[in-house]
Amino acid sequence: MSTTTADRLVDFDEVLTRYEPVIGLETHVELGTASKMFCGCSTTFGTEPNTQTCPTCLGLPGSLPTANAAAIESTIRIGLALGCRIAGWARFSRKNYFYPDIPKGFQTTQYDEPLCTAGHLDVEVDGETYRVEIERVHLEEDTGKNLHVGGSTGRIHGADHSLIDYNRAGIPLVEIVTRPIPGAGAKAPEVAKAYVTELREILVTLGVSEVRMEQGNLRCDVNTSLAPTGSLEWGTRTETKNVNSLRSVERAVRFEMRRQAALLDEGQRIFQETRHFHEDTGSTSPGRSKEEATDYRYFPEPDLVPVAPDEEWVASLLAALPELPAARRTRLSDEWGIAPTEMAWLVNAGAVELVSATVAAGAAPADARKWWLGDLARRANDTGTELAELAVTPAQVAELIGLISAGTINDQLARQALDGVLAGEGDPAAVVEARGLAVLGESDELVSAVDAAIEGNPDVADKVRGGKVQAIGALVGAVMKTTRGKADAATVKRMLEERLVG
Ligand SMILES: [Zn+2]
């Protein structure tokens, strides 16, 4: 079932001539703790369905939860990194609703007393800083996973039966909620992406989650609304659920802006609803209506004691925070001798950590930047993937750069070696060996190629002999052609000069 192709869309630039977007993001992060939030079950990803469950996470009568201390600590550290106020007293609540993936009949979450409130995160887009206010960071538990079998879309519509895996039920989940973000205008899609990118970097730096978006460790709900330019009231928002990549966050905002503008242009209203995002088309389709607020009958969880973080402990966690990404970027800019604008390119390309790791593996900063922002960025762009998802590691890029520095290969051969690495043929040195990519030294092969170039172009050779030294370029080109780029141009030039200029 797809209703998305029928959506009329207003040209993106045109949207901004009549409307102002307001965005907001709710991000769910699965913490990387060894055990679940309220029981001792393992959190290992990808095991046989329903092998990591117990009476507590299945909600069997008589079972009692115990809060995971490591998860509480991680949540507070996230809050501190986002400049939040840490509550001296926080409670868990029951959010009651019936759904197959929630075996207890309620989700244990934090409602009116979250652990962290009132923070912010500054993000940069095109040299401008946007402050994203964080409303709250709270701790809850993940749900199980439904698998709808028999349909074409994987959704419940059209499926003939459904299976449920409770391995994920009860894994600690942190929800980070922004306040509405007005004023980003045409940059709203990029601000949304930049926010999630920066947040992910922080989570990686804190080491609290694996943050693998493709495994669902980090999932975004993207809220978008439009209001007529100059209007004092914000428009009705839609909530695009479970957007699973950074690029998709940007696309989801962009699509919703264009779709909503078309409806508003016609005098129609926007329905408050959840929407599904479709990776293949970059479009959204209607989900559940939120026109009527669901009453979850929240009440304080009677089986758990409130959390009361000790002030001194919180202060010690703050003091022990690692260097955060923004500060790290400033330091690296200095160390690598690059301007803030170039660092911004690296950030936008998602390349800071990759370049840093490549430098740590022995490459010069300028070379590492050149490869990640150049050839590799182009390949990622061509295949529509994130840079970090390319099948090449920073260590392999450093090895490639090392082979170039050593004169084993030149840039052109390095690109061919990279093809091999990305195709899974092994490390650069192995690919160079297997594909025979090494630059030719003064081998017999090169000597005969040089001789052949002179014999094949007698006029040019005579010009060079007669003092027109710049004509040698044509001969170098001929040698490069016969050796299919495997010769080192400087070596070829020297060999030609030895023969012609003496
Ligand atoms: Zn369990």
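The values are calculated or read from the model by the stated rules, or taken from the named source; none is laboratory data. Computed from a prediction, not measured in an experiment: that's the story for all the values here. Ideal geometry is used to build each Cβ from the backbone, glycine not excepted, and the neighbour counts take in all protein chains shown.
Quick look at the numbers
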| read-out | value |
| --- | --- |
| Conditions (1) at pLDDT below 95; (2) touching a His at 6+ places or on another chain (Cβ under 7 Å); (3) among the basic types (Lys, Arg): number failed by Arg131 | (1) |
| Residue tally, condition closer than 13 Å to Gly144 by Cβ and within 10 Å of the ligand (Cβ to nearest atom), over the stretch 44-58 | 4 |
| Residue satisfying all of: in the stretch 367-379; small (Gly, Ala, Ser) and in contact (Cβ under 8 Å) with a residue 24 or more places away in the chain; surrounded by the fewest Cβ atoms within 10 Å (Cβ to Cβ) among these | Ala377 |
| Gly40 vs. criteria within 16 Å of the ligand (Cβ to nearest atom) and at positive phi | no |
| Qualifying residue in the stretch 17-29 (condition: assigned to a loop (DSSP other than H, G, I, E, B), crowded, with 17+ Cβ neighbours inside 10 Å and hydrophobic (A, V, I, L, M, F, W, C)) | no |
| Single unsatisfied condition, Thr224 versus (1) touching a helix residue (DSSP H, G or I) at 6+ places or on another chain (Cβ under 9 Å); (2) within 16 Å of the ligand (Cβ to nearest atom) | (2) |
| Residue list for the stretch 88-124, filter: in contact with a helix residue (DSSP H, G or I) (Cβ under 8 Å, 6 or more places away or on another chain), surrounded by fewer than 18 Cβ atoms within 10 Å (Cβ to Cβ) and not in a loop (DSSP other than H, G, I, E, B) | Asp122 |
| All strands (runs of 3 or more DSSP E) inside the stretch 126-175 with 2 or more residues being closer than 23 Å to Thr27 by Cβ, away from the ligand (no atom under 16 Å from the Cβ) and charged (D, E, K, R) | 128-141 |
| Extreme residue, nearest to the ligand (Cβ to nearest atom), among residues of the stretch 68-87 that are assigned to a loop (DSSP other than H, G, I, E, B) and buried (at least 18 other Cβ atoms within 10 Å of the Cβ) | Asn68 |
| Test: residue in the stretch 139-150 that is over 22 Å from Arg288 (Cβ atoms), out of contact with any His (no Cβ under 9 Å at 6 or more places or on another chain) and surrounded by 14 or more Cβ atoms within 10 Å (Cβ to Cβ) | yes |
| Output for the stretch 262-306, where each listed residue is charged (D, E, K, R), closer than 25 Å to Glu14 by Cβ and surrounded by 15 or more Cβ atoms within 10 Å (Cβ to Cβ) | Glu273, Arg275 |
| The stretch 38-54 residues that are over 23 Å from Glu301 (Cα atoms), paired with ones that are within 11 Å of the ligand (Cβ to nearest atom) and of a type in the set (Phe, Trp, Tyr) (beta carbon under 7 Å, 6 or more apart) | Asn50/Tyr166 |
